[in-house]
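Please read the structure below before turning to the comments.
Just so you know, all these numbers are worked out from the coordinates, no wet-lab data involved. The structure presented is a predicted model; accordingly, all values stated were derived computationally and were not measured. Ideal geometry is used to build each Cβ from the backbone, glycine not excepted, and the neighbour counts take in all protein chains shown.
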Amino acid sequence: MSPPSFSDFATPWALAGFVLVLLLIAYYLRRFRYQSSDFRYPSLSLVKDLPQTAVQRFRHLPSALRWLALTLLVIALARPQRTSSEEKIFTEGIDIVLTLDISTSMAAMDFEPDNRLEAAKKVAADFVDHRTSDRIGLVVFAAHSFTQCPLTLDYRVLKDLMSKVQMGMVEDGTAIGMAIANSVNRLRDSTAKSRVIILLTDGQNNRGELDPITAAHTAAALGIKIYAVGVGTRGMAPYPQQTPFGIRTVQIPVNIDEDMLREIARITHGRYFRATDTKELQQIYDEINRLETSKIEVTHYRRVAELFYPYLALAIACLAVEAILVRTRFRKIP
């Protein structure tokens with residue numbers, strides 16, 4: 001029976017009783033050392049060769065039992081305990097679809113480190129790192145839209161698939177309406193309390209069979225919120241252009257249909273953001289992260305088991321044995 005640590009005692013101040021026990025032992029040993037016999041012998045030669053009896057050899061046994069009993073009683077008074085705890089976590093996760101424009105205009109170099117697409121991927125990956133219990137999926141689009149990663153809690157797989165996204169995976173164009181429709185389809189059967197689409201684009205809807213506003217109404221009817229993010233500097237932006245003599249940088253106009261994106265956000269009770277550089281884009285995702293927080297409830301359970309009973313029982317047993325010994329084999333002459 002190993003004693004518990006100090007922090008496992010309910011009344012640790014009772015352990016101060018050890019000082020009293022030590023003082024009593026010290027007094028006993030000092031008294032024994034200087035005590036004298038009532039019998040006087042003219043010479044020790046008469047008794048020095050006599051063999052010791054069992055009572056003489058174990059004459060300190062009753063006292064030792066008494067000190068052991070007192071020590072065990074001190075531990076019992078301190079009430080050693082074994083504490084176990086557990087917690088139950090209840091979460092109300094959010095289902096989020098990251099809808100990313102991969103049209104060739106995303107190659108514009110007005111965002112660090114390389115271009116708009118690489119900046120968007122990096123900031124989106126950082127956003128994923130800040131989520132804990134939400135399912136997140138990835139939809140990409142240009143002239144057509146497809147699901148790069150379905151809703152998942154495996155963020156490592158999500159970020160790996162995100163890193164593989166590049167321009168040219170589909171025909172060029174900007175089908176915002178179809179991208180919203182595809183994202184809505186990912187969330188349609190979701191039972192999450194909150195369902196969100198983060199739509200990032202740098203252009204205007206010019207492809208696809210579905211109008212973005214109609215797609216937004218469909219999302220609103222299903223209770224899906226859209227945060228629309230327009231990316232691109234204001235005015236002109238540097239763009240790498242392939243020529244017979246290699247790649248050269250030209251300036252192209254930045255044309256974002258902000259009125260349409262604002263309307264999409266309004267219809268779905270979301271918000272519209274404009275990012276003109278990587279820092280602003282990071283701040284936008286940080287704000288969305290704060291707006292869409294998962295509800296987590298933690299319930300703690302604590303169980304305490306009293307362990308002083310064995311110490312108390314052993315102390316009583318020691319006292320009983322000591323009482324028997326001093327009244328039988330170790331009985332002193334009155």
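Once the Cβ-Cβ distance of Ala26 and Ser133 is raised to the sixth power relative to R0 = 51 Å, the FRET efficiency obtained is 0.25.
Rounded to the nearest 5, what % of DSSP beta bridges with both residues in the range 90-297 are antiparallel?
Values: 16 of 42 bridges.
Antiparallel: roughly 40 percent of the beta bridges in the range 90-297.
Count Lys and Arg as plus one, Asp and Glu as minus one, and take only other residues whose Cβ is under 11 Å from that of Leu200; the net charge is then 0. A straight chain from Asp189 to Gln242 at 0.36 nm per residue would run longer than the Cα-Cα distance by 14.7 nm.
For the range 216-229, the Karplus equation 6.51 cos²θ - 1.76 cosθ + 1.60, evaluated at θ = phi - 60°, returns couplings of 5, 4, 5, 4, 4, 4, 9, x, 9, 9, 10, 9, 9, 10 Hz by residue, with Gly and Pro reported as x.
As a calculated quantity, the FRET efficiency between Asp114 and Glu292 at R0 = 45 Å, using C-beta atoms, amounts to about 0.95.
Taking the Cα centroid of the range 8-32 and of the range 255-276, what is the distance between the two, rounded to the nearest whole Å? Their Cα centres are 77 Å away from one another. This model, with +1 at the C-beta of Lys and Arg and -1 at the C-beta of Asp and Glu, gives the range 90-297 a dipole about its Cα centre of some 240 debye. Local charge for Gly232 was computed over the other residues whose Cβ lies under 13 Å away, with Lys and Arg +1 and Asp and Glu -1, and equals -4.
Taking the range 90-297 as the region of interest, the number of lysine pairs whose Cα atoms are within less than 15 Å, with members eight or more places apart or on different chains, is 8. Here r is the Cβ-Cβ distance between Lys279 and Asn206 and R0 is 30 Å; the resulting FRET efficiency, rounded to 0.05, is 0.55.
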